[in-house]
Amino acid sequence: MPAAPEADPRFNEFIILQAQNAGLFLGQIPNPHSGEKQINLRAAKSVMDSLEMLASKTRGNLTPSEQKLLATALDNLRPLFQAAQAATNH
């Protein structure tokens, strides 16, 4: 029986940082330099694609809390991306 994965605090910090980056690109967080909210769908999609790839490649190698954090980040970002995409298409 394989050993259970061990938690790595760097993983959680990485996921949170990437989710914040996506939030910035989706206009959810003001740009720290300008204070303005801006949407960059291409950058947001790139971050989300990276998180989805990470979820796929680490399946079975994460602790339950790491898996939940990654899944929650993606679950929260997807509707924000769709809303930003819809807003820019009008």
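Scanning the chain for long hydrophobic helices, with DSSP H runs required to stretch 20 angstrom or more by C-alpha along their axis and to average at least 0.0 on the Kyte-Doolittle scale, returns 9-25, 41-58. Contact order for region 19-88, expressed relative to its length and based on alpha carbon pairs under 8 Å spaced 6+ residues apart, stands at 33 percent.
Please report, to one decimal in angstroms, the Kirkwood hydrodynamic radius of the chain built from all distinct Cα-Cα pairs.
Details: mean 1/r = 0.0715 Å⁻¹.
14.0 Å is the Kirkwood radius here.
Every number in this text was worked out from the coordinates using simple rules, so none of it is lab data. A quick note: this is a predicted structure, and the numbers were derived from the prediction, not measured.
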